[in-house]
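The values are calculated or read from the model by the stated rules, or taken from the named source; none is laboratory data. Predicted model only: the values in this text are computed from it and were never measured. Positions of Cβ are generated from backbone atoms using ideal geometry, with glycine treated the same way; all protein chains shown enter the neighbour counts.
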Amino acid sequence: MKVILINGSPNAKGCTYTALSEVADTLGRNGIDTEIVQLGKKPVHGCTACGSCNTTGKCIFDDIANTLADKIASADAVVIGTPVYYANPAGPLLAVLDRVFFSAGKRFAGKLGAAVVSARRGGCSTAFDAVNKFFLINNIHVVSSQYWNQVHGFTPDDVRQDLEGLQTMRTLGNNMAWLLKCIDLGRQNGLELPLLEETVRTNFIKQRTDK
């Protein structure tokens, strides 16, 4: 079993990485393989609504978005970490996630997911909510912890002093490992994932026919 952890911060070894490392270390102690993927500092495209992925299953911009889509699809769970900028996830991360989940979200159904956010002070709840919505719209089961998955600090050393935040990361890792093992045990005993119905889309703008 394997978990992909996405570091959405431009800083490779910053506060977000410190939080994700606590999750990864806990997963490792539970026998779960992990890989932390760094988003990096290179410019990224936002979605241009070209529709190409509807036929190819991949984003037309062949960059880290397609790489992440393949990594998530081949893993059993994903943890998405982000710093908090203006009470939201980092802009480049959101741009990439829009493309990843729009082009490949159906490939992720039945996996486990969790969001991790890092802030100096405030804005964690809205950033946390924004990332979780990618999971909830794609049949990805969100893993809980003992509190919202957040750490506080301006530097990695600050984060290491956030004892409650680090404990929350460890609880998240333990919960995710336990659920992964439960799912694996279920599969071994013939319990498959629920069958998904064909998606029904409702248009709330109704055309008048009484003119």
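Go through the residues of segment 191-209 one by one and say whether even a single one is touching a Leu at 6+ places or on another chain (Cβ under 9 Å), surrounded by fewer than 19 Cβ atoms within 10 Å (Cβ to Cβ) and without any contact (Cβ under 8 Å) to a residue 60 or more places away in the chain.
The answer is yes; a qualifying residue exists.
If I filter segment 59-88 down to residues being in contact with a Leu (Cβ under 7 Å, 6 or more places away or on another chain) and among the small types (Gly, Ala, Ser), which single residue comes out as surrounded by the most Cβ atoms within 10 Å (Cβ to Cβ)?
Filtering first and then ranking leaves Gly81.
Give me a count of the residues in segment 158-208 that are in a loop (DSSP other than H, G, I, E, B) and not basic (Lys, Arg).
19
May I ask you to list pairs of residues, at least six apart or on different chains, whose Cβ atoms are under 8 Å apart, with the first in segment 116-128 being under 19 Å from Val23 (Cβ atoms) and surrounded by 14 or more Cβ atoms within 10 Å (Cβ to Cβ) and the second being among the acidic types (Asp, Glu) and modelled with pLDDT of 95 or more?
Every condition considered, no pair remains.
When you check Gly91 against the structure, is it within 16 Å of the chain's Cα centre (by Cα), surrounded by fewer than 15 Cβ atoms within 10 Å (Cβ to Cβ) and free of Cβ contacts under 8 Å to residues at least 24 places away in the same chain, yes or no?
Yes.
Based on what the data block shows, is Gly31 at negative phi, loosely packed, with under 14 Cβ neighbours inside 10 Å, outside any helix (DSSP H, G or I) and out of contact with any strand residue (DSSP E or B) (no Cβ under 9 Å at 6 or more places or on another chain)?
No; evaluated as a whole, the condition is false for this residue.
Of the residues that sit in segment 165-211 and are of a type in the set (Val, Ile, Thr) and at pLDDT below 90, which one is farthest from Gly153 (Cα to Cα)?
My answer is Thr209.
Taking Phe135 as the residue in question, decide whether it is part of a helix (DSSP H, G or I) and of a type in the set (Phe, Trp, Tyr).
yes
Given the conditions (1) within 27 Å of Pro194 (Cα to Cα); (2) touching a Pro at 6+ places or on another chain (Cβ under 9 Å); (3) not in a helix (DSSP H, G or I), and given that Pro83 satisfies all but one, which numbered condition is not satisfied?
Status for Pro83: all satisfied but (1).
In the set Phe101, Phe61, which member is in contact with a helix residue (DSSP H, G or I) (Cβ under 8 Å, 6 or more places away or on another chain), free of Cβ contacts under 8 Å to residues at least 40 places away in the same chain and closer than 25 Å to Ser144 by Cα?
Among Phe101, Phe61, only Phe101 is in contact with a helix residue (DSSP H, G or I) (Cβ under 8 Å, 6 or more places away or on another chain), free of Cβ contacts under 8 Å to residues at least 40 places away in the same chain and closer than 25 Å to Ser144 by Cα.
Residues that are more than 17 Å from Val78 (Cα to Cα) and surrounded by 14 or more Cβ atoms within 10 Å (Cβ to Cβ): does segment 145-152 have at least one?
Yes, segment 145-152 contains at least one residue that is more than 17 Å from Val78 (Cα to Cα) and surrounded by 14 or more Cβ atoms within 10 Å (Cβ to Cβ).
For the condition of a type in the set (D, E, K, R), assigned to a helix (DSSP H, G or I), free of Cβ contacts under 8 Å to residues at least 60 places away in the same chain and surrounded by fewer than 15 Cβ atoms within 10 Å (Cβ to Cβ), what is the one hit in Lys41, Lys106?
Lys106
Please go through (1) more than 26 Å from Gly91 (Cβ to Cβ); (2) touching a Gly at 6+ places or on another chain (Cβ under 9 Å); (3) aliphatic (A, V, I, L, M) for Val142 and return the number of the only condition it doesn't satisfy.
(1)
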